[in-house]
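I have placed the structure first, in the form of structure tokens, so that the comments after it can refer back to it.
The values are calculated or read from the model by the stated rules, or taken from the named source; none is laboratory data. Keep in mind it's a predicted model, so treat the numbers as computed, not measured. Glycine gets a Cβ as well: all are built from the backbone with ideal geometry, and neighbour counts include every protein chain shown. Heavy atoms of the whole protein, side chains included, go into the accessibility calculation; ligands, DNA and RNA do not. Shrake-Rupley method; radii C 1.70, N 1.55, O 1.52, S 1.80 Å.
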Amino acid sequence: MPKEADHMEDGGDKESKEEQRQGASGETVRKRVRANTPSPHRGNTPQASPPRFVSVEELMETAKGVTNMALAHEIMVNQAFQIKPAELPEGSLERRVKEIMHKAFWDCLEAQLKEDPPSYEHAIKLLAEIKETLLSFLLPGHGRLRSQIEEVLDLPLIQQQAENGALDIGRLSQFIVWMMGSLCAPSRDEDIQKLKQITEVVPLLKAIFSVLDLMKVDMANFALSSIRPHLMQQSVEYERNKFQEFLEKQPNALDFTEKWLEDTVKSLQDSAATGGAASDSSLHPLSVHNHAYLRLLRWDHDSDPFPETVLMDQVRFQEMQQEAEQLVLLSSVLLIVYTTTGEAISGLPGLMETLKNTVNVLLADMHTPSFSAQEVLATIGEKLCVELSQCLSQHGYSPFSADRKSVLRGQISAAIQPDNTVRMLMESRVHNYLLASLESSQHKTPPPLPGGLAPVSKELKELAVHFSRLVNYNKLVFSPFYQKTLQKILAPGESPGTDT
């Protein structure tokens, strides 16, 4: 938008303008952090440090640091992250004020151009801003384009032409549109064609600024994608330093993280005491840490505060938790089908994929409020019985008897129960595979697939990759904090290790 309009709208507040350009994605991150920040009044709150009074300036500085840390984190872990143009809510006061101010500016420009003789004061300022924007799009190798812009948009010459009544804004606008077409991304070609169809000067200038704003976003996203591979180490250090600054201002900012790790150690100790799979090796700091991450895939997000060090990824962990739960139920149903029907259907071409697709479609909404697990599993049982009967008859096997259909439907419906034997078995195998993927990620070798998970191997391996990638990045950023906490829990008095 023209600088004059910006001055009328916000008094030239460049910082506010820059924050708007971070786009909807940045705002989503900030809302997510604010919405999930632990409150001292929530349940299961660990003993906090004594309260400390802080100034408004300290609060604002801390909030800005957390926001910047969240944005840097989002850029690194979200490969699809893009800056988007800010969109003010429809009907909001801010949007209404902006529309009024912009309309006043363009009306003023149109009135100046209709004077006799025309006044070009504001128009020349717009041309100067357009020139500056076009030059900002150029790369070092664009010497010829730079020369053309400097020659055609020569501001002293334009000023002289305006004073002598020889300024042709229409010709300059056509050059600007042509240059924009040379510099824009292919996705903006349609917008450029629309500009070429506008003949009135003021509407054309207004449209030019709208497209230039979009091109600025395109350029920012291009730069972001280009430098992302080189940002890893800088981002890790930046997030760690920002969190350290936040921790210095909020000494109790690791309370929930400490409780998360303490509860993990206690769970492993209880498992070892009752003859479970846990052993002394499971209380090694690295093993405790990996088990702690696995616990995030069983988290009760409604009642338990999320650990501070993984708070920015709570939504991602919750999505992976839901995906794991769906894979557990899907693999449970398929295992029940194959154990109930016997060897008759093993090896039949395409049958496994057909059954899997049928179940997947019906389980797609299993985490929505309207989902009725009992009804859906009953429907799954009916549909699978029909498909199995058709498949057996097509391949010359004996028909699927009514008794076997009844048993199959009953076992599938029972899979919804948390203590169902098949479901517990598949849940254990899925989680063990994800845990093994964390332990083997340093060696770049995927763990062997447990029995019964072959039908969902593709989805499970993709989940394991995403899970390991997110966990490993979190370890890189917060490893110093985890080392101190685990050292305090596991071996007080000893020097911290470097395994986590």
Original post:
Do we have any residue at all in the range 118-127 that's surrounded by 12 or more Cβ atoms within 10 Å (Cβ to Cβ), hydrophobic (A, V, I, L, M, F, W, C) and out of contact with any helix residue (DSSP H, G or I) (no Cβ under 7 Å at 6 or more places or on another chain)?
Top reply: no
**OP:** From the list M366, M424, pick out the single residue that is open to solvent by 60 Å² or more (accessible area, probe 1.4 Å), aliphatic (A, V, I, L, M), closer than 27 Å to W299 by Cα and in the same structural domain as R298 (by the TED database).
**Re:** M424
Original post:
Condition test on S267, is it in the same structural domain as V386 (by the TED database), touching a Lys or Arg at 6+ places or on another chain (Cβ under 9 Å) and open to solvent by 20 Å² or more (accessible area, probe 1.4 Å)?
Top reply: yes
Original post:
Can you tell me which residues in the range 280-293 are open to solvent by less than 10 Å² (accessible area, probe 1.4 Å) and either in contact (Cβ under 8 Å) with a residue 40 or more places away in the chain or assigned to a loop (DSSP other than H, G, I, E, B) (or both)?
Top reply: V288, H289, N290, Y293
Original post:
So which of E90, E110, E57 is at pLDDT 60 or above, exposed (fewer than 11 other Cβ atoms within 10 Å of the Cβ), acidic (D, E) and farther than 30 Å from E262 by Cβ?
Top reply: E90
**OP:** Tell me which of these L335 doesn't satisfy, since it passes every other one: (1) buried (at least 17 other Cβ atoms within 10 Å of the Cβ); (2) farther than 21 Å from A454 by Cα.
**Re:** (2)
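Here is a list: V152, V97. Which entry is free of Cβ contacts under 8 Å to residues at least 24 places away in the same chain and in the same structural domain as M215 (by the TED database)?
On the way: V97 fails: free of Cβ contacts under 8 Å to residues at least 24 places away in the same chain.
When all the criteria are applied, what remains is V152.
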Original post:
Checking A253 against (1) part of a helix (DSSP H, G or I); (2) under 32 Å from the mean Cα position of the chain (by Cα), which single condition isn't satisfied?
Top reply: (1)
Original post:
What pairs can you find where one residue is in the range 210-233 and within 23 Å of I176 (Cβ to Cβ), the other is polar (S, T, N, Q) and open to solvent by 50 Å² or more (accessible area, probe 1.4 Å), and their Cβ atoms are less than 7 Å apart, with a gap of 6+ or different chains?
Top reply: N221/Q82
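Kindly indicate whether E239 is closer than 21 Å to E99 by Cβ and either buried (at least 17 other Cβ atoms within 10 Å of the Cβ) or free of Cβ contacts under 8 Å to residues at least 40 places away in the same chain (or both). Explain how you work it out, then say what you get.
Numbers: closer than 21 Å to E99 by Cβ: no; either buried (at least 17 other Cβ atoms within 10 Å of the Cβ) or free of Cβ contacts under 8 Å to residues at least 40 places away in the same chain (or both): yes.
No.
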Original post:
F400 fails exactly one of the following numbered conditions: (1) outside any helix (DSSP H, G or I); (2) exposed (fewer than 15 other Cβ atoms within 10 Å of the Cβ). What is the number of that condition?
Top reply: (2)
**OP:** Could you list, in sequence order, all residues of the range 369-389 that are open to solvent by 90 Å² or more (accessible area, probe 1.4 Å) and small (G, A, S)?
**Re:** S370
Original post:
If a residue has to be assigned to a helix (DSSP H, G or I) and more than 18 Å from A207 (Cα to Cα) to count, how many in the range 87-110 make the cut?
Top reply: 5
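When you go through F222, F256 one by one, which is the residue that is under 29 Å from H73 (Cβ atoms), at pLDDT below 90 and of a type in the set (F, W, Y)?
Details: F256 fails: at pLDDT below 90.
Just one listed residue meets the conditions, F222.
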Original post:
Hey, any hits in the range 433-446 for a residue that's among the small types (G, A, S), free of Cβ contacts under 8 Å to residues at least 12 places away in the same chain, loosely packed, with under 15 Cβ neighbours inside 10 Å and assigned by the TED database to the domain that holds S287?
Top reply: no
